[in-house]
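Before any comments, here is the structure.
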Amino acid sequence: MQHLTKIRQFVLLALLQALVLNHVRLGQFAAPILYIYFVMKFSSGTDTKALTLWAFAIGLCIDILSNTPGLNAASCTFAAFCRPGILRLFSARDPRDDFEPGIRVMGFAQFFRYALALTLLHCAALNLIDAFSFANPGTLALKTLGDTTTTLVCVLCIDSVRRGK
Amino acid sequence: MRNLVNFLAKHSRWLLFALLEAVSFALLFRFNNYQGSVAFTSANRAGGFIYDVAGQVTRYFGLAEANRNLTARNVQLEIEAERLAEALGRYVRDTAEIAALRRTALQGYTIREARVVNNSVTRSCNFITIDKGRDDGIRPETGVICGNGAVGIVYLTGARHSIVLSALNAQSNISCKIKRTGYFGVLRWSGGSPQYARVEDMPRHSEVSLGDTVVTSGYSAVFPEGIPVGTVDDMEDSRDGLSRLLKVKLFTDFARLNDVCVIDPGPALEEQILLRDSAEAARTK
């Protein structure tokens, strides 16, 4: 049952990203990269290997739909691989506890920091691989910050709405 | 041996991570090196299907505006063609020659209409997916235009869909020239606004003024000569001071691209163009 929910989330987020959010651009530098929410919401006890594989799958799906083979897969895999560490760092809970990260469980401040760290990592990796050089560090930083901000706003909105359910 | 197995088991998540990253980067480099396979792009069957469905819904939104633009352009071209025919008539006594010129304007080229099903203008490397592929006779390295001007070059073809290297792509080079004076340069794009691109390698002594029209040069077999590209909006010296850099306002509105045409010169005409160009090159040497 849990897998079914995950698969539904997977399909919804992948389609939302490819069909709607890929065409959204705020100013020149900010685009929401919402599908990282999928990685964010895995319960804390999930095996790192399973998580990495799921992340690779959704990244590859986004890549196939937006003609960027490998770009999203690489950055999303990286973010997922770093997630257990980030979660341990930012949640005050017992690490053996199994919970689904979210505003309801972690509280706003904790979830905000966790989401910020994960989104920042993902956006930084994504933009770095996309540019593949440090030739324009200013643009790179601006893009990363812009993407992170818009993505974070989306993530927090969605999580607040889902909390109400 | 057992130590090795233990080691692998202990670090399996690192190994998995490294493996997945390696696969991702392999895909990335393969695609960028133009050897890529179409399977991992939106021109594969599943991706194409999803975009076909989404495209059928969204393509109606910009239709009214597109129609208005096309009508305006059509009227303008018709008037222009009439005036030109008139002017030519004054110089050339032989009207049959003018009729022949008109008839042969696009002779040899096969024009295939296609619909844009996926498009992006926001990344540094933008691609367009169209709903015609190998089965419809589309070949890589053929030019794509829309009602207003040049769009890009076909990059990869799947069975039913193709991926077009948009002019808004850091890897795109389209040879073009100033329509009025004939000086030529290369159209490139390096991010930023999707309405503007740059023409590089334009000689410093070239006569260019703001508002001049830029058209394709026809020096390669991809685009025939004279497909409109944009107007000169601003100009400056290149960084090394050896050539001029023109900022061009593009005619094509990439953000709302709907219907495009693929112009295929066909193998025979392609060979003819190559021969002509090499002969010209030999002569000027």
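Within chain B, the whole DSSP H helices whose Cα atoms reach 24 Å or more along their own axis and whose mean Kyte-Doolittle score is at least -0.5 are B:12-32, B:63-91, B:266-284. The separation of the stretch B:3-33 from the stretch A:30-57, counted between C-alpha centres, amounts to 18 Å.
Label-to-label distance for A:Q110 and B:A18 is 3.5 nm, based on points extended 7 Å past Cα in the beta-carbon direction. Helix A:137-163 and the longest principal axis of the C-alpha atoms of chain A enclose an angle of approximately 30°. Against chain A, whose longest principal axis is taken from its Cα atoms, helix A:71-90 shows a tilt of about 40°. With a cut-off of 12 Å between beta carbons, the residues surrounding B:N74 carry a summed charge of 0, where Lys and Arg count +1 and Asp and Glu -1. Among B:117-125, B:71-79, A:110-118, A:55-63, the peptide with the highest mean count of other Cβ atoms within 10 Å heads the list, and the full ranking is A:55-63, B:117-125, A:110-118, B:71-79.
Using the Cα gyration tensor of the stretch B:178-285, with a ≥ b ≥ c the square roots of its eigenvalues, what is the shape: rounded (a/c below 1.5), prolate (a/b larger than b/c) or oblate (neither)?
Oblate is the answer for the stretch B:178-285, as a/c is 1.5 or above yet b/c matches or exceeds a/b.
With a 10 Å cut-off around each Cβ of A:59-66, the average count of Cβ atoms from other chains is 6.
Net charge in the neighbourhood of A:R25 (other residues with Cβ under 13 Å of its Cβ; Lys, Arg +1, Asp, Glu -1) is +1.
Rounded, prolate or oblate: which one fits the protein assembly as shown, using the alpha carbon gyration tensor with axes a ≥ b ≥ c (rounded when a/c is under 1.5, else prolate when a/b beats b/c, else oblate)? It comes out prolate by the Cα gyration axes.
With a cut-off of 12 Å between beta carbons, the residues surrounding B:D201 carry a summed charge of +3, where Lys and Arg count +1 and Asp and Glu -1.
When each of the peptides A:75-83, B:146-154 is scored by how many other beta carbons lie within 10 Å of its residues on average, the order from highest to lowest is A:75-83, B:146-154.
Since every read-out is calculated from the coordinates, none of them should be taken as a lab result. In this text, all values refer to a predicted model and were calculated from it rather than measured experimentally. Here Cβ is always computed from backbone atoms with ideal geometry, including for glycine, and neighbour counts include all displayed protein chains.
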